[in-house]
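Inspection log for the structure reproduced underneath, given as structure tokens.
The values are calculated or read from the model by the stated rules, or taken from the named source; none is laboratory data. Since the model is a prediction, treat every value here as computed from it, not as a measurement. FYI the Cβ positions are ideal-geometry reconstructions off the backbone, even for glycines, and counts take in every protein chain you see. What goes into the accessible areas is simple: the full protein's heavy atoms, side chains included, and nothing from ligands, DNA or RNA. Shrake-Rupley method; radii C 1.70, N 1.55, O 1.52, S 1.80 Å.
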Amino acid sequence: MSLDKKVYKSFESVVGPENISDAPAVLRSYMYQPFGNNKGVWADISPEAVLMPASTEEVVAIAKICNRHHIVFKAMSTGWGIHNLPGVEGAVLMDLRRMNRILEIDEKNMFAVVEPHVICMQLQVEAMKKGLNCHIIGAGSNTSVLASATSVAGYGPDGLSMGHSGRNLLGVEWVLPTGEVLKLGSLGADAGWFCGDGPGPSMRGIMRGWEGAWGGLGVFTKCAVKLFHWNGPSELEMKNAPPNYVLKEPLQFFKASLFSFPSLDQLAEAAYKLGESEIGYFICRLTPAFVGLQMTSGKNYVDMWQSGMMQQVLKYGFLFVIFANSEREFDYQQKVLAQILEETGGQASPISETKEMQEQIATTVLKVDAVVRSCFRSAGGFNTSFGAMDTVDLAINQIKAGAGLKEKYIKRGVIMDDGGDNSATLLFEQGHLAYTEVLVMYDHHDGESAQGAFEYLAESNEICLKQGLGPPIFQISQVGMGKHGVFGPVCFNYDAWLREIKKELDPNNVCDPTAYISPEERERE
């Protein structure tokens, strides 16, 4: 199947001949994606053409051509994962990499306006020059600010102090599947970007809800996001060579430490108390394997793992960072932390006190730049499971369920032996919400390993359903994995509402529904 030549020419007239291609080599390059299916990393379906619009007007024109000719389209920003590709034959892909500008940083009102391909690190560098900082999701500083705020999940370990991407979203410019342009929040009332919920129209719940539509409800071409106070230098000087660069000088009033607890339940109690005390800058529950991923080399990871030190000291641990504005505040937060640790049996880990680990932790905390790279480095591929955001107790139950399930697949030899309990747990909004991802690492070039990881993910979805652990992130939006229809009946039939939203905003069903939801009722799996 190939794109009609007249239609191709119509698209070409919008973006220019240098910004559209249907060359097999170009299309094939987009099909090699992480988080793939049980066959590995190659997508089964190729787009018919790739277009690179440079403006909202060009996105509008492409959407209208697609509606006129009933062609499905899918938009992507930085493109991490198979969910960025069309899941149906005959579709076109919009690669938004040319829309990469920071349009505004409002220092006084503490927000930034960005286009889709602005990455977190790009915004962070510019914001720090003005004494500000931005929330960065756990997938890393190479991800799109706009995508995590409008369309996908939005979790990150700095959520303790900087919230969640969906909550940080302000004004939005949205090209609907029909090609109409909708402006939300104060932008919709011609009052600027400062608010996402008024005085103009608010559709935050329909637009993204808990997790976002994963590109299934049109294209977000601009958005504003909250920025936060930054107490550090306007520029961070680094030493060593990438990817192992670290901060050249330590930050004032900054302290990063790893703590371990006698049990998961005591760790959970400490998390609740930390949230109630409203201290801290960054928190992440780190397993021994996850800590090892932060090492500067694979050899260091293997050596530390084989010594057994990490497994012994950090079986139930987390990373906690204090970054205060003054010496008095710094002392106060340390005293509160010490009291909570005493009440919950927490102990500081000697691992975090090494010079190498302190430098690495500080750099990772500020840039959130090493986690995803390191996960791929260990086994070649990885995926993630569970992930419903709710209470700390629910997160602990997800950890227990995931660790137990993974043991079966580790014994089969199809996934990496990471101790089973390899998860990242994050607190948000001063500990009122928690979130857990249970990682599974495997060889995506090995068919048996890829199939084993796929089976694990499918079974983890079933556990979430049967044990009431909430709809899982990611797999629910992945081709061949769980679908909204599975979880809808136990979650107030939310899938029925999603279908109605899809029908209303996309009457011709031209915006790829694969990672979101079909407008037609499907048989529940």
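Key figures
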{"item": "About the Cα centre, charge dipole magnitude for segment 5-98 (Lys/Arg +1, Asp/Glu -1 at Cβ), debye", "result": "100"}
{"item": "Among Leu405, Met52, Tyr32 - extreme Cα towards positive end, dipole of the chain, charges at beta-carbon", "result": "Met52"}
{"item": "Cα→Cβ-extended label distance, 7 Å offset, between Glu455 and Glu126, nm", "result": "4.9"}
{"item": "Dipole magnitude of segment 379-478, debye to nearest 20 (Cβ charges: Lys/Arg +1, Asp/Glu -1, about Cα centre)", "result": "180"}
{"item": "The chain: proportion of alpha-carbon pairs further apart than 38 angstrom, %", "result": "26"}
{"item": "Signed unit charges on C-beta, dipole axis of segment 119-217, positive-most listed residue Asn133, Gly200, Gly154", "result": "Asn133"}
{"item": "Accessible area (Å², per residue) of the chain, counting only protein heavy atoms and a probe of 1.4 Å", "result": "40"}
{"item": "Amide proton proximity set for Gly381, modelled H, under 5 Å, gap of 5+", "result": "Tyr442, His444"}
{"item": "Lysine pair count for segment 5-98 [Cα-Cα under 27 Å; pairs on different chains or 8 or more apart]", "result": "8"}
{"item": "Charge dipole (debye, nearest 20) of the chain; +1 at Cβ of Lys and Arg, -1 at Cβ of Asp and Glu", "result": "540"}
{"item": "Eligible aspartates and glutamates near Lys273 by straight Cα distance, threshold 14 Å, same-chain separation 8 or greater", "result": "Asp265, Glu342, Glu343, Asp393, Glu429"}
{"item": "More than 26 Å apart - percent of Cα-Cα pairs taken over segment 254-373", "result": "18"}
{"item": "Peptides 452-462, 218-228 ordered by average Cβ neighbours within 10 Å, highest first", "result": "218-228, 452-462"}
{"item": "Inverse of mean 1/r across different Cα pairs in segment 150-229, Kirkwood, Å", "result": "12.7"}
{"item": "Residue-span extension gain [Glu89 to Arg101] - 0.36 nm each, minus C-alpha spacing", "result": "1.1 nm"}
{"item": "Residues Glu462 and Asp44, FRET efficiency given R0 of 25 Å [Cβ-Cβ distance, rounded to 0.05]", "result": "0.60"}
{"item": "Evaluated over segment 208-319, the Cα radius of gyration and Dmax, each in Å", "result": "18.8, 51"}
{"item": "Net +/- balance of residues flanking Gly90 in space, Cβ distance below 13 Å, scoring K and R +1, D and E -1", "result": "-4"}
{"item": "Accessible-area composition of the chain, carbon plus sulfur, in percent [1.4 Å probe]", "result": "53"}
{"item": "Amide H partners (placed H, <5 Å) of Ala49, local residues excluded", "result": "Leu93"}
{"item": "Rh (Kirkwood; distinct C-alpha pairs) - segment 14-170, Å", "result": "16.8"}
{"item": "When segment 5-98 is reduced to its Cα atoms, the Kirkwood hydrodynamic radius in Å", "result": "13.4"}
{"item": "Links that overshoot a 26 Å alpha carbon limit, given the list Lys129/Lys255; Lys129/Lys355; Lys406/Lys483", "result": "Lys129/Lys355"}
